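Bear in mind these aren't lab numbers, they're just calculated from the coordinates by the rules spelled out. Keep in mind it's a predicted model, so treat the numbers as computed, not measured. When we count neighbours, we look across all protein chains shown, and the Cβ atoms used for this are built from the backbone with ideal geometry, even at glycine.
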Amino acid sequence: MKKILLTLAIAFAFAACKSTKEAAKTTPVTAKIDCTSSTLTYTSDIKAIIETNCSQCHNGNYEAGYNFLTLESVKKAASNGELLRSIKHEKGIDAMPANADKLDDATIRKIECWINNGMN
């Protein structure tokens, strides 16, 4: 009887652990970025994100629309709302990055703050 109880306890512990890990994967993490600060800049905060996640397709290839190798093009997509809507995977616009997972909430929030603070 002790063996059965021990086996059940171990099985329950593993199931609880797996459940917690699965919840952690699907529970969004609240991005803690102070948007009231204007310290976010394209060069120091946004450029690396764009280069890593966008410039493989948006590199002057007109089939991809924008050329994100230039700040002006990034600002154009940001100004008309397409950049933010696409990285948030909103309806009515192609989800970006194409053929990749959605950017994490903190990265999206950083881009949104940069846009809202004047895109410096």
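Here are the numbers:
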{"item": "Those GluC sites (Glu not before Pro) in the stretch 43-120 that DSSP places in a loop and that have at most 12 other beta carbons within 10 Å", "result": "E90"}
{"item": "Lysine-lysine proximity count for the stretch 30-116, Cα under 14 Å, sequence distance 8 or more or distinct chains", "result": "6"}
{"item": "The stretch 30-116, relative contact order in percent, only Cα pairs under 8 angstrom and at least six apart counted", "result": "33 percent"}
